[in-house]
1. How much length, in nm to one decimal, is gained on full extension between Arg224 and Asn166, taken as 0.36 nm per residue of separation minus their Cα-Cα distance?
2. Tally Lys/Arg at +1 and Asp/Glu at -1 over every other residue whose Cβ is under 13 Å from the Cβ of Leu169; what's the total?
3. When all alpha-carbon pairs of region 2-121 are counted, what percent fall beyond 24 Å?
4. Where a Cα-Cα gap under 12 Å defines reach, which aspartates and glutamates qualify for Lys200, not counting those fewer than 8 residues away within the same chain?
5. With the crude spin-label approximation of a point 7 Å out along Cα→Cβ, what separation in nm comes out for Glu202 versus Asn58?
6. So how do Val100, Val52 line up by other beta-carbon neighbours within 10 Å, fewest first?
7. With no solvent and one point per C-alpha, what does the Debye sum give as log10 I(q)/I(0) for the chain at q = 0.08, 0.09, 0.11, 0.16 Å⁻¹?
8. Find how much the distance from Lys101 to Arg153 grows on full extension, using 0.36 nm per residue of separation minus their present alpha carbon separation; answer in nm with one decimal.
Amino acid sequence: MRILIVEDERSIADFIERGLRSEGYSVTCVGDGEAAEAEALTGDFGLVLLDVLLPKKNGLEVLRSIRAEEPELPVILLTARGEVEQKVEGLDLGANDYMVKPFSFEELMARVRAQLRRPEQREAAGLEVGDLKLDFRTREVERGGKGVRLTTREFELLAYLMRHPNQVLSRSQILNAVWGYDYDPGTNVLEVYIGYLRRKLESAEGPVPIETVRSAGYRLVAPRG
Ligand code: CA
C-alpha cells in the first residue's frame with residue numbers, strides 16, 4: 001500500500017513519513033500543490049494525506065482535480081487550527097476525513113486504517129503475542145488467561161509493542177507513536193510506563209518479556225515457533 005504525503009512543512013512531513021514507514025507503508029512525499037496533483041493522478045496511491053495551505057497550488061484545488069479523476073481515492077486533509085472554512089469546503093469537495101494539527105501519530109494511524117479498511121481486510125479485533133492477548137473492542141488484556149487492568153495509555157503502549165514483536169523500537173519511535181510528536185525529549189514518561197506494564201503483567205509464568213535494549217530502546221520478545 002502506497003501513501004502520498006503532501007505537506008510543505010518539513011518537520012511534519014518527516015514525522016508522518018517516519019511513522020508510516022515504521023508501520024510498513026511505502027511513502028512518497030511532495031511539498032507543493034503542483035507536484036501533489038501530478039503524483040496523485042498517477043494511480044499509484046491508495047491514500048493521500050493532503051495539507052491545505054501549499055505553495056503553487058492550494059490543497060483544495062488539488063482535491064478538486066483528484067475528485068474529478070479518481071473519485072474513489074481516499075483523501076485525508078491536514079488542516080491547521082482555525083482553518084474551519086477550508087475544512088468545511090474540503091469535506092464538501094469530497095475529502096474523506098481531516099486531521100487538525102498538531103496530532104499524534106496514533107490518531108493519524110487510526111484515521112488511515114479506517115480509510116484503508118476494506119471488508120476483506122478488516123483490522124484484527126485483537127493481538128496475540130506469546131501468552132499476551134489484547135482485545136481492541138473490549139480494551140481487555142490477558143496474560144496466561146488472566147485478565148489485567150490497564151489504563152488507556154498503558155493499553156496503547158502495550159498495543160504498540162505487540163504490533164511489532166521482536167523488533168527493537170527506539171524511545172523516540174515509541175514516544176511519537178503513543179504520546180505524539182510534541183513530547184519533551186528529556187521526558188522519562190516512557191520508562192515510567194514500561195515499569196507499570198512490567199509490574200502489572202508479571203505473572204506466575206514470570207516477568208513479561210519486554211526487554212530494555214541498552215542505548216537503543218525496547219523490545220517485546222515473542223516466543224519462537
Ligand atoms: Ca502548509
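1. Values: separation 58, 0.36 × 58 = 20.88 nm, distance 1.01 nm.
Using 0.36 nm per residue and subtracting the Cα-Cα distance, I get 19.9 nm.
2. Details: positive: Arg18, Arg163, Arg171, Arg219; negative: Glu23, Glu211.
Summing Lys and Arg as +1 and Asp and Glu as -1 gives +2.
3. 16
4. Glu142, Glu154
5. Placing both labels 7 Å beyond Cα along the Cβ direction yields 6.0 nm.
6. Arranged by neighbour count, lowest to highest, Val100, Val52 become Val100, Val52.
7. -0.34, -0.43, -0.62, -1.09
8. Values: separation 52, 0.36 × 52 = 18.72 nm, distance 2.07 nm.
This chain segment gains 16.6 nm when fully extended.
FYI, it's all coordinate maths here, none of it is from the lab. Please read all numbers here as calculations on a predicted model, not as lab measurements. Cβ sites come from the backbone with ideal geometry, for glycine too, and all protein chains shown count toward neighbours.
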